[in-house]
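Single-structure report; data block below.
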Amino acid sequence: MTSQPGAAMPAQKASRLLSLNGLFPIYKPVGITSAQTLNDLKSRLLKEAGLKEFMKRKKQTLKIGHGGTLDITASGLLVVGIGNGTKMLGAMLTGSKKYTTTGQLGRATDTLDMSGTVTQEKPYDHICREDVEKVLETFTGDILQVPPLFSALKKNGKRLSCLVREGAAVEAKAARPVVVYKLALTDFQPPLFTVDVECGGGFYVRSLIRDIGEALSSCACVKELIRTKQGPFTLDDRTLREERWDIEHIAQALQTCIQPAEQACKRLKTEEDVAAAEHS
């Protein structure tokens, strides 16, 4: 029996896809959740390989995950783990991140960004560039931060953002310790101001902009938010845009990213071991 010329191609692609392991960066656009972005990526890869997804989570055809949620109104870098690379995603959640964000003075919203309902408006004409730069100094280092109500944090197994949208009475989470490595004001055109942020895990840029507005005797919310770095990955030409979400481009990205990703995970594991020994 003679096989057809292209008959082996689907099987080869399926085998190639299921052999991929590691971390790689993709670009998440504004207006779609991180989970939806990941689902779109996964669906595209399975379709290319001619595979179907099992409905049960424990029997996933393709193991894939991301290393930290980006707000639906945010864009930028999303680190994806595929195959055994999903075990390395913990390093992305706790590692340092960089963002560029533009805040708008004089307006507060329930979501802490422009997508929400306006809850307060205050004057901002008393604020100058030097005022903002001075305030930024107080938010650098180890600080306490109250997370947004509209967030991926959970109460009784359900996301706070879902509970709020359902009309449930939800109390704000208590302030928790976070770390800010660097803050720099890069532009000031009232009512807009742009800040570059480098921070640790569990940090909310929306809360930072809210707190900056309050510290300036006004209010503020996020107008734009872009993640530019996560762990060893940066938002650059190697970050896969949607037109390059295919098996071959991801395989190439994994080859490029495997060493820095592994080194970052090993470094984090060493730091965790040291911390555990100090507290034992």
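Determine, yes or no, whether Gly65 is modelled with pLDDT of 90 or more and either touching a Gly at 6+ places or on another chain (Cβ under 6 Å) or part of a loop (DSSP other than H, G, I, E, B) (or both). Before the answer, list the steps.
Values: modelled with pLDDT of 90 or more: yes; either touching a Gly at 6+ places or on another chain (Cβ under 6 Å) or part of a loop (DSSP other than H, G, I, E, B) (or both): yes.
Taking the combined requirement at face value, the residue satisfies it.
Looking only at the stretch 235-258, which residues are acidic (Asp, Glu), open to solvent by less than 70 Å² (accessible area, probe 1.4 Å) and touching a residue at least 12 places away in the same chain (Cβ under 8 Å)?
Of everything in the stretch 235-258, just one residue is acidic (Asp, Glu), open to solvent by less than 70 Å² (accessible area, probe 1.4 Å) and touching a residue at least 12 places away in the same chain (Cβ under 8 Å), namely Asp246.
Just to be sure I understand the filter: pairs with C-beta atoms under 8 Å, separated by 6 or more residues or on different chains, first member in the stretch 213-234 and farther than 18 Å from Leu192 by Cβ and of a type in the set (Lys, Arg), second member part of a loop (DSSP other than H, G, I, E, B) and open to solvent by less than 40 Å² (accessible area, probe 1.4 Å). Which pairs pass?
Matching pairs, first to second residue: Arg227/Leu70; Arg227/Ala74; Lys229/Ser96.
Condition first: free of Cβ contacts under 8 Å to residues at least 40 places away in the same chain, among the acidic types (Asp, Glu) and surrounded by fewer than 19 Cβ atoms within 10 Å (Cβ to Cβ). Can you find one or more residues in the stretch 110-120 that meet it?
So the first thing to find is which residues in the stretch 110-120 are free of Cβ contacts under 8 Å to residues at least 40 places away in the same chain, and the list is 117-119.
Those still in the list that are among the acidic types (Asp, Glu) too: none.
There is no residue in the stretch 110-120 that is free of Cβ contacts under 8 Å to residues at least 40 places away in the same chain, among the acidic types (Asp, Glu) and surrounded by fewer than 19 Cβ atoms within 10 Å (Cβ to Cβ).
Among the candidates Leu70, Leu23, which residue alone is farther than 16 Å from Trp245 by Cβ, in contact (Cβ under 8 Å) with a residue 60 or more places away in the chain and not in a helix (DSSP H, G or I)? Full working, then the answer.
Details: Leu23 fails: farther than 16 Å from Trp245 by Cβ.
Result: Leu70 is the single residue among Leu70, Leu23 that is farther than 16 Å from Trp245 by Cβ, in contact (Cβ under 8 Å) with a residue 60 or more places away in the chain and not in a helix (DSSP H, G or I).
Would you be able to tell me the number of residues in the stretch 180-206 that are among the hydroxyl-bearing types (Ser, Thr, Tyr) and touching a Pro at 6+ places or on another chain (Cβ under 6 Å)?
The qualifying residues number 1.
Residue pairs, Cβ under 6 Å, 6 or more apart or interchain, first in the stretch 176-189 and surrounded by 13 or more Cβ atoms within 10 Å (Cβ to Cβ), second among the basic types (Lys, Arg). List them.
These pairs meet every condition: Phe188/Arg129.
Among the numbered criteria (1) at pLDDT 95 or above; (2) in contact with a helix residue (DSSP H, G or I) (Cβ under 8 Å, 6 or more places away or on another chain), which one does Lys13 miss?
It fails just one condition, (1).
Kindly establish whether Thr138 is modelled with pLDDT of 90 or more, within 19 Å of Lys98 (Cα to Cα), surrounded by fewer than 12 Cβ atoms within 10 Å (Cβ to Cβ) and out of contact with any Cys (no Cβ under 9 Å at 6 or more places or on another chain).
In short, no.
Among (1) at pLDDT 90 or above; (2) open to solvent by 70 Å² or more (accessible area, probe 1.4 Å); (3) within 22 Å of the chain's Cα centre (by Cα), which single condition is Val205 missing?
(2)
The values are calculated or read from the model by the stated rules, or taken from the named source; none is laboratory data. Nothing here was measured: the structure is a model prediction, and the numbers come from that model. Virtual Cβ from ideal backbone geometry, glycine too; neighbours counted across all protein chains shown. Ligands, DNA and RNA are excluded from the accessible area calculation, which covers all protein heavy atoms including side chains. Shrake-Rupley method; radii C 1.70, N 1.55, O 1.52, S 1.80 Å.
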